[in-house]
Every structure is written in C-alpha cells, then in structure tokens.
Amino acid sequence: MSGIMTGLIMILVLLLLIMGGVGIAIWRVKSMAQRAFGTSDLREGIRQIEQEYAMTPKSISAMTGLYLPKIKSDFPEFQYDEMKVRAENALTSYLMAVDRMNQGILKEGNRELHDKLEMRIQMLQGAGRQEHYKNIKLHRTELCDYKKRDGRCIITFQSAVQYYYTITDENGKIMGGRSDMLTQSRYNTDVIYIQDREKVEDERDLSLGLNCPNCGAPISGTGSKVCEYCGTPVIEVNIHAWTFSNIMEVK
C-alpha cells in the first residue's frame, strides 16, 4: 500500500512540476507579447502586426533624380508630370480591366500590352477564376529605370499600390487573398518610344515612332531636327509618341 501511495505522490509531484513549467512558459510568452505588442494576448499581437503590415506602403526604387536629367537631355520636350499621371492611369485601368475581365477598360498601351492583358484574362476564364482589385490607391510613383536597346527607349515607372485583393471561383467563393485586409504591392509600368525603326524586330511596335509631317517618312533617331528625305523641319518629340508596353507586379 505504501508503495502505491509513494507512486501516486511521485506522479502528483511530476504533474505539479509540469503544470508549473507550463505556467512559467505561458507567463514568459505573455511577458514577451506585452513587451513586443503592448498586449499579453499573443493572437492579438499577431493580428496587430498583420494590420500594421497591411497598412504600410511598399518602398519603391526612386531614381527620378538620376534618370530624369538623362531623359530630358535625349527628349527636351518630355513632360515628366504628364507622363507620370498617364502611367498611374494606365496601371489603375489595367487592374480594373483584370478585375472586370474586360480588356476594353484599358485605353492606353500598345498591342503588346493588350495582348498580355487578353492572355491573362483568358487564362483566368479557362481556370474558372476571377481576380478582384477593390479600392485601388496609388501611394507614390517614381522613375526607376531608363534604358535604350534594340532601337527602343524604355522608361520604367514604379508605383506603390494598395487594394483589397481576392481570387474567387465561378461561384464567388474566395480561393485566395483577403477581402477584409489591404494588400500592399508595387508595380513597374514601362513606357516605350521607338528611336530607330530599322533595329526594331517586333512589328507590333513599328507604328510608334515619329513621321515627317510633310512626306510621311519615318524619323529614325532622337535628336533629328530635319527630315533626311525632304528637308522639312521636325519637332523632336511629342508626349503622345510614347506608349505603354508592359505592366508587371514587382515582388
């Protein structure tokens, strides 16, 4: 009998030690949560972190000070503020077009951009899915790149964007994203100008360069002041000769 009692007492002591250890661990977790989040409720602390993350705009690569002087040197009549507004409108329209599965909403852009949008919509339709972008807001837009290649001049704007993002199935059931929490993201928007038609391989871009107002001949190369075919003076560049060729989310 004494052996059984001894065993029970040992088990009881062990249980008390375990409970004490668990209690100490809980106390430590709550203390850490209190210091880190200002609340002893760990779940509430995690929720606060998620909410703060959802409300904080993404940082962007702001290189306007570096690239804008180079662009203005190549294109003295380039209107940065106007083009930035166009880039923001193009991005917003692109997301709305995906949201509503309607390519016609995107009014800007060349055939390449519209082809990409059409393919994205078709892929969603084929999968029985729909992407939703609600309450779109752009925090900031800056130049992040400027390059010349293959007869093209490409300016890239980067924007910090927020929206409520969800993916639904054909029945409207949410398959991804959250309708109750903002998503912060950033996007690159490329605007293109055809500098030299002879180097451009994609025929979809050939209509983007400038033409002589007198004889209609293409003006090959920025900086041309006179048409090399008929000698007519040429205005170097018009803001509407630029067009958008790509919109891409940057992770």
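Every residue, every condition in (1) under 18 Å from Arg186 (Cα atoms); (2) open to solvent by 60 Å² or more (accessible area, probe 1.4 Å), yes or no:
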site	(1), (2)
Val85	yes, yes
Asn89	yes, yes
Met101	no, no
Leu106	no, no
Gly109	no, no
Glu112	no, no
Lys116	no, yes
Leu124	no, no
Asn135	yes, yes
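Here is a list of conditions, (1) part of a helix (DSSP H, G or I); (2) at pLDDT below 95, and Glu108 meets all of them except one; can you say which number that is? The single condition Glu108 does not satisfy is (1). Look at Ile167 and say whether it is open to solvent by less than 80 Å² (accessible area, probe 1.4 Å), within 25 Å of Val85 (Cα to Cα) and of a type in the set (A, V, I, L, M, F, W, C). Taking the combined requirement at face value, the residue does not satisfy it. Scan region 35-66 for residues that are among the charged types (D, E, K, R), surrounded by 12 or more Cβ atoms within 10 Å (Cβ to Cβ) and modelled with pLDDT under 70 and the total you get is 3. Residues of region 177-191 include none that is at pLDDT below 90, open to solvent by 20 Å² or more (accessible area, probe 1.4 Å) and assigned to a loop (DSSP other than H, G, I, E, B). Considering (1) within 20 Å of the chain's Cα centre (by Cα); (2) at pLDDT below 90, the lone condition that Lys148 does not fulfil carries the number (1). Checking every residue in region 67-78 against the condition of being touching a residue at least 24 places away in the same chain (Cβ under 8 Å), open to solvent by 50 Å² or more (accessible area, probe 1.4 Å) and not in a helix (DSSP H, G or I) gives at least one match.
Within region 145-162, if we keep just the residues that are open to solvent by 20 Å² or more (accessible area, probe 1.4 Å) and either in a strand (DSSP E or B) or of a type outside the set (Asp, Glu) (or both), the residue that is nearest to Met63 (Cα to Cα) turns out to be Asp145.
The values are calculated or read from the model by the stated rules, or taken from the named source; none is laboratory data. From a predicted model like this one, the values you see are computed outputs, not experimental measurements. FYI the Cβ positions are ideal-geometry reconstructions off the backbone, even for glycines, and counts take in every protein chain you see. Just the protein is used for accessible areas: all its heavy atoms, side chains included, with ligands, DNA and RNA removed. Shrake-Rupley method; radii C 1.70, N 1.55, O 1.52, S 1.80 Å.
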